[in-house]
Amino acid sequence: MKKFLTFLIITAAMFSCNVRKTDKIADDSKLDSLKQVREQEAKDKALKNTTTVEIIDSAYNFGTRTEGEKVEFSYRFKNTGNNPLVIFDATSTCGCTVPEKPEAPIMPGETGFIKVVFNTAHKEGHNEKPITVTSNANPKFPVLQLAGEVVKAK
């Protein structure tokens, strides 16, 4: 009888521990889902409040650089609308070109920057790198262009 009672207590303890672990996983997934919903709501709100943008620098030719150098350039733009300009994302086609978007909204009349760093390592020859910007601007941001020649290091 003692063995049966001990077995029953151990079994009950094992199942109760597993239930708590499952609940914790479910709670974490609910928090992730809630976070995604809130981010989407904020994005939808910003998209409803579109604004206009004037692109000051849409293309940059860095000329001729030696392989291994890093090219940095900041594309300028101005919020010409009546609502804050929110930059959601700035991406390029490869990891050698890394754009940095402004985190804070650009207020009407203000100028903002998207800094781009291009690593020329293993990029010998002519290079053209597009930078795609997602924002609440209407019309949409044009694709920004970075171009130039990379020559082999001596």
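Residue check: is Lys101 within 19 Å of Glu67 (Cα to Cα) and either charged (D, E, K, R) or touching a residue at least 24 places away in the same chain (Cβ under 8 Å) (or both)? Spell out the reasoning first.
Working: within 19 Å of Glu67 (Cα to Cα): no; either charged (D, E, K, R) or touching a residue at least 24 places away in the same chain (Cβ under 8 Å) (or both): yes.
No, not satisfied.
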Filtered residues of segment 113-146 (kept if part of a strand (DSSP E or B), open to solvent by less than 20 Å² (accessible area, probe 1.4 Å) and in contact (Cβ under 8 Å) with a residue 60 or more places away in the chain): Ser135, Ala137, Leu144, Leu146
Filter result (within 17 Å of Asn49 (Cα to Cα), of a type outside the set (Val, Ile, Thr) and crowded, with 16+ Cβ neighbours inside 10 Å) within segment 96-112: Pro105
Strands (runs of 3 or more DSSP E) lying entirely in segment 43-100 (those with 1 or more residues that are within 13 Å of Phe113 (Cα to Cα), modelled with pLDDT of 95 or more and among the aliphatic types (A, V, I, L, M)): 53-55, 87-92
Checklist (1) β-branched (Val, Ile, Thr); (2) under 29 Å from Thr51 (Cα atoms); (3) loosely packed, with under 15 Cβ neighbours inside 10 Å applied to Val151, failing item: (2)
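Step by step: first the residues of segment 73-95, then only those that are open to solvent by less than 20 Å² (accessible area, probe 1.4 Å) and over 21 Å from Glu39 (Cα atoms), then the one that is nearest to the chain's Cα centre (by Cα). Which residue is that?
Across segment 73-95, the extreme among qualifying residues is Tyr75.
The values are calculated or read from the model by the stated rules, or taken from the named source; none is laboratory data. Small disclaimer: the values here were computed from a predicted structure and weren't measured. Note that each Cβ is placed from the backbone with ideal geometry, even for glycine, and that neighbours are counted across all protein chains shown. In case anyone asks, the SASA skips ligands and DNA or RNA and just uses the protein heavy atoms, side chains included. Shrake-Rupley method; radii C 1.70, N 1.55, O 1.52, S 1.80 Å.
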